[in-house]
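Written below as structure tokens is the structure these notes are about.
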Amino acid sequence: MTTTNMPDTDSLARLIAIVGDANAITDTAAQAPFLTEWRDRYRGKTPVVLKPGTVREVSEILKLANHEKIGVVTQAGNTGLVGGQIARPAGTDIVLSVARLNQLRTLDANNRHMVVEAGVTLANAQEHARNAGLEFPLRIASEGSACVGGAVATNAGGVHVVAHGSMRNLTLGLEVVLANGEVWDGLRALKKDNTGYDLKDLIVGSEGTLGVVTAAALKLVTPPVSVATALLGASTLDDVAILFARLSRHLGANLTAFEFMSDQALSFVTDAIPNTRLPFGKLCPWTVLIEISSGRSPDDADLMLEQALCDETVLSCLRESAIATSDTMAQSFWKLRETISEAQKHGGGSIKHDISVPIGQIAKFIPAANARVTKLCPGARPCPFGHFGDGNIHYNISQPEDGNKDAFLAHWEEMQTVVHDLVREFDGSISAEHGIGIMKRDALKRTKSPAELAMMQSIKQALDPNGILNPGKVL
Ligand SMILES: Cc1cc2nc3c(=O)[nH]c(=O)nc-3n(C[C@H](O)[C@H](O)[C@H](O)COP(=O)(O)OP(=O)(O)OC[C@H]3O[C@@H](n4cnc5c(N)ncnc54)[C@H](O)[C@@H]3O)c2cc1C
């Protein structure tokens, strides 16, 4: 394993000179927002936060850091949930923020793609697309802060993956600065490119360990003309699975969201979040939020929804249903889904897992996981929800009611091991959308095969032989 060096006074001065004093943060208080993350699980330390304004400056920083073997932690919006963007507590890594690389470079409306820089927030990327009459369909709750560079580096997912895929599917090309400072211009907007190894796909999801993304060519889609939203109540997960199979067969790519929520998740929301309530009287064991989009006519999505809900098999799986009759009502349905994480905080401590299993196995996985975690910690309250249509479960567990938060959180490692072992038994993934970072680094070692780990190590060694890029993360 390679080790990195603490930058000496001379290297630090040269690094700062690349971006200029105004774009280098050495004051500890001013550095604070770059050194803690959203859940406050990881805190870092750094001699300097550098904010380059050009690709050339990024290249010069990496050239110098590589020569002096200084660790570089790239950061975009700092919304990552696995600690990947946080400098190590030893205080030796420099932080490279891409926030100033925030320009729309080109947008080709006819061929539906745009090139944006890594520091453009996802919300701004969506706005650029909207301004051209198009849509950038990646939708995640952190989109106001999360940026294109971070989304590429974590292969971000979200609620529309079921129809449009994750960031990997939306990325056509990349511009990346390699560990030695070389700039790889791979900003091609090609749909087909069979010229050997797919270097773009290697960088997508690499979490800042193989290169610094400075810009991306992104795919855009035609926005829907009509959207229909509904909440469906079901008694069992088997019924939810049948609903998904049936609705996706009827609706194909028009089914743009299929999110599921447990009764525990929804009762946290309605108890804690103002102005939230269920459109049907009684809470069902499982609630599904579906969204249907159509590019054909203003009433087409509603018609498709009505037809789909008349299907006999669908009807046999439904306990309740409510169709949004206005945008406000649709937003109130989405609010139920999008405020679960916030609401869960009111239930005390929670241990979270972002996992995926084959869709057909969700109905078996959740009861099996519930049995194991409640055996480990009697009274613990499983609160699963997530992107059913992608097999992605946010398998969160809240502490027992009236229990002690610290005593519950002391189960963190043990509970993660129990859940991840079960995920492995189901041929699933221990990280469906948040990545590995520091949080799941050891779990990765336990759950990937030796052959997979060796391939990953070889790639890292080839692209970053001095191990300067996000040291200690992922591998
Ligand atoms: C409320 C909330 C909701 C969320 N919902 C979702 C969701 O639905 N789906 C989902 O997938 N994620 C979700 N996330 C996680 C997070 O928003 C995503 O992982 C996002 O893609 C991170 O983007 P960022 O710009 O904040 O990256 P950062 O947090 O800054 O960095 C994340 C990782 O990417 C690396 N990185 C950042 N920029 C670059 C770059 N330019 N080049 C190379 N490496 C880079 C970092 O080193 C780090 O390893 C959520 C987070 C929050 C707080």
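Below, the figures for the structure above:
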{"read-out": "Residues of segment 108-123 satisfying the condition of being open to solvent by 70 Å² or more (accessible area, probe 1.4 Å) and either small (Gly, Ala, Ser) or free of Cβ contacts under 8 Å to residues at least 24 places away in the same chain (or both)", "value": "ASN110"}
{"read-out": "Selection count where residues are over 23 Å from GLY389 (Cα atoms) and polar (S, T, N, Q), scope segment 258-284", "value": "3"}
{"read-out": "Residue that is least open to solvent (accessible area, probe 1.4 Å), among those in segment 425-460 that are within 14 Å of the ligand (Cβ to nearest atom) and without any contact (Cβ under 8 Å) to a residue 40 or more places away in the chain", "value": "LEU444"}
{"read-out": "Residue identified as more than 9 Å from the ligand (Cβ to nearest atom), open to solvent by 10 Å² or more (accessible area, probe 1.4 Å) and over 25 Å from LEU255 (Cα atoms) among GLU60, GLU135", "value": "GLU60"}
{"read-out": "Only one of ILE18, ILE25 that is touching a Phe, Trp or Tyr at 6+ places or on another chain (Cβ under 8 Å) and not assigned by TED's automatic domain parsing to the domain that holds ASN180", "value": "ILE25"}
{"read-out": "Whichever residue in segment 55-83 is of a type in the set (Val, Ile, Thr) and more than 26 Å from the chain's Cα centre (by Cα) and, among such residues, is nearest to ASP442 (Cα to Cα)", "value": "ILE70"}
{"read-out": "Of all residues making up segment 25-48, the number that are open to solvent by less than 20 Å² (accessible area, probe 1.4 Å), out of contact with any Gly (no Cβ under 7 Å at 6 or more places or on another chain) and not in a loop (DSSP other than H, G, I, E, B)", "value": "1"}
{"read-out": "Breaking point among (1) open to solvent by 80 Å² or more (accessible area, probe 1.4 Å); (2) closer than 26 Å to THR236 by Cβ, for ILE323", "value": "(1)"}
{"read-out": "Answer from LEU463, LEU469 - the residue that is of a type outside the set (Asp, Glu), open to solvent by less than 10 Å² (accessible area, probe 1.4 Å) and touching a Leu at 6+ places or on another chain (Cβ under 8 Å)", "value": "LEU469"}
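The values are calculated or read from the model by the stated rules, or taken from the named source; none is laboratory data. Just so we're clear, the structure is a prediction, and the values are computed from it rather than from any experiment. Don't worry about glycine lacking a Cβ; one is built from the backbone with ideal geometry, like all the others, and counts go over all protein chains shown. Ligands, DNA and RNA are excluded from the accessible area calculation, which covers all protein heavy atoms including side chains. Shrake-Rupley method; radii C 1.70, N 1.55, O 1.52, S 1.80 Å.
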